[in-house]
Amino acid sequence: MKALVYTGPGKIEVLDRPKPALQAPTDAVVRLMHASICGTDLHIILGDVPTAQPGLVLGHEGVGIVEEVASAVHNFEVGQRVVISCMTSCGACKRCRQGIPAHCQTGGWVLGHHIDGTHAEYVRVPHATLSLHALPDLIDPRAAVALSDALPTGLEVGVLSANVQPGGSVVIIGAGPVGIAALLTAKLYTPALIVMIDRDEARLATARELGAETVQEDENEGAREKLLNLTEDQGFDSVIEAVGIPQTFALAQELVGIGGRIANVGVHGKQAALHLDRLWDRNISIHMSLVNATTTGKLLTLVATNQLEISRLVTHNFPISNGTAAFDTFRNAAQHRALKVAIDF
Ligand code: NAD
Ligand code: ZN
């Protein structure tokens, strides 16, 4: 089968790989229809995620058709359309019982990280019972790739962690697919103000069309003043950091208001400073986590009942044979006016 493989810092190649086989009674093998690229894949290729080693098939997002199920998987059948969760979990270990299946002791974030992922014609999915979600016929599989990771991350690690409330104020730093997913799901909680900041004007244009106010990032810190002015200098109730660099984590700390919450979503490859000298007396909470992907079922229902419109997230599709172009497009998103980039099989 064709697979997109991380072959060393800065390098990816489309290679021929053997089709994966069932290895455990809890496994399934899924034939991919569509997969997609996440900002985290870019961090892996940069070498920011040292646990992901060269030789790995990339990808933790995808939609496909169940090809094989092992003996202990009773809730899926061969031929069924499924969304593959970015987190696989057993449901039984200490971490799963703690409510953090992202850290499942025999699963967690493994696809495209510790074991071969979804950027291939077939993928082996461990703990298939909890790690696959039936995809209703009503939902376009091309758009549904956003349900593997971007949408649950925007909702769980962004909106819920930042405690977005009716009438509150929200700023989302970063208008990539995850930031836009946070915008789409924040709207479900009816805050009075949602502002997004990015340097990419095309992504900000999408954010405006989806109902956010926008401010373009600039190097002279003028953007910070503009953002704070929108809150009459009170700061934001909810700050969602969806970039993952020291500057944007610093900005998050400058934008949060008294009693507010910062939700750090970004994957950080470099040390980022925490300014306790400015924050200690302001009753701020900071939350950071891997996505648990426990809201995927709820999100599927919202999409299927037209309460959540996700068709704007995927902007580009490439065949797997041209998978390196898919990565180039996502990496140079501003030039290509790209949001989420998908790979077709
Ligand atoms: P992305 O790279 O497409 O989006 C990042 C956005 O940040 C881009 O639009 C870019 O223009 C913008 N940006 C860069 N520098 C900026 C600056 N100084 N100020 C404002 N905006 C700036 O990535 P994505 O897929 O949207 O993911 C966003 C982040 O979320 C990544 O760090 C990704 O690794 C992380 N992530 C975390 C989890 C988790 O479990 N915590 C899950 C998925 C993704
Ligand atoms: Zn577990």
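The values are calculated or read from the model by the stated rules, or taken from the named source; none is laboratory data. Predicted model only: the values in this text are computed from it and were never measured. All Cβ positions, even for glycine, are placed from backbone atoms using ideal geometry, and neighbour counts span all protein chains on display.
Looking at Arg142, Arg203, Arg208 in this structure, which one is without any contact (Cβ under 8 Å) to a residue 24 or more places away in the chain and not in a loop (DSSP other than H, G, I, E, B)? Result: Arg208 is the single residue among Arg142, Arg203, Arg208 that is without any contact (Cβ under 8 Å) to a residue 24 or more places away in the chain and not in a loop (DSSP other than H, G, I, E, B). I'd like to check something: does segment 129-136 contain any residue that is within 16 Å of ligand 2 (Cβ to nearest atom), more than 27 Å from Ile12 (Cα to Cα) and surrounded by fewer than 24 Cβ atoms within 10 Å (Cβ to Cβ)? Yes, segment 129-136 contains at least one residue that is within 16 Å of ligand 2 (Cβ to nearest atom), more than 27 Å from Ile12 (Cα to Cα) and surrounded by fewer than 24 Cβ atoms within 10 Å (Cβ to Cβ).
Is it true that Asn306 is more than 30 Å from Asp16 (Cα to Cα), assigned by TED's automatic domain parsing to the domain that holds Val145 and of a type outside the set (Lys, Arg)? Yes, satisfied. Sort out which residues of segment 108-127 are more than 16 Å from ligand 1 (Cβ to nearest atom), touching a strand residue (DSSP E or B) at 6+ places or on another chain (Cβ under 7 Å) and either of a type in the set (A, V, I, L, M) or assigned to a loop (DSSP other than H, G, I, E, B) (or both), and write them in order of number. Scanning segment 108-127 gives Asp116, Ala120, Glu121, Val123, Val125, Pro126, His127.
When the residues of segment 95-107 are filtered to those that are within 13 Å of Thr294 (Cα to Cα) and surrounded by 13 or more Cβ atoms within 10 Å (Cβ to Cβ), the one that is farthest from ligand 1 (Cβ to nearest atom) is Cys96. Taking each residue of segment 160-187 that is near ligand 1 (Cβ under 10 Å from one of its atoms) and looking for partners that are polar (S, T, N, Q) with beta-carbon atoms closer than 6 Å, six or more apart or interchain, yields Ile173/Thr248; Val178/Thr153.
This table checks each residue for (1) crowded, with 19+ Cβ neighbours inside 10 Å; (2) closer than 22 Å to Gln216 by Cα; (3) away from ligand 2 (no atom under 16 Å from the Cβ).
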residue: Cys93; (1), (2), (3): no, no, no
residue: Trp109; (1), (2), (3): yes, no, no
residue: Ala120; (1), (2), (3): yes, no, yes
residue: Val157; (1), (2), (3): yes, no, yes
residue: Pro177; (1), (2), (3): yes, yes, yes
residue: Val195; (1), (2), (3): yes, yes, yes
residue: Asp198; (1), (2), (3): yes, yes, yes
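Checking each residue in segment 211-226 for being assigned to a loop (DSSP other than H, G, I, E, B) and either under 21 Å from Gly167 (Cβ atoms) or within 16 Å of ligand 2 (Cβ to nearest atom) (or both) picks out Gly211, Ala212.
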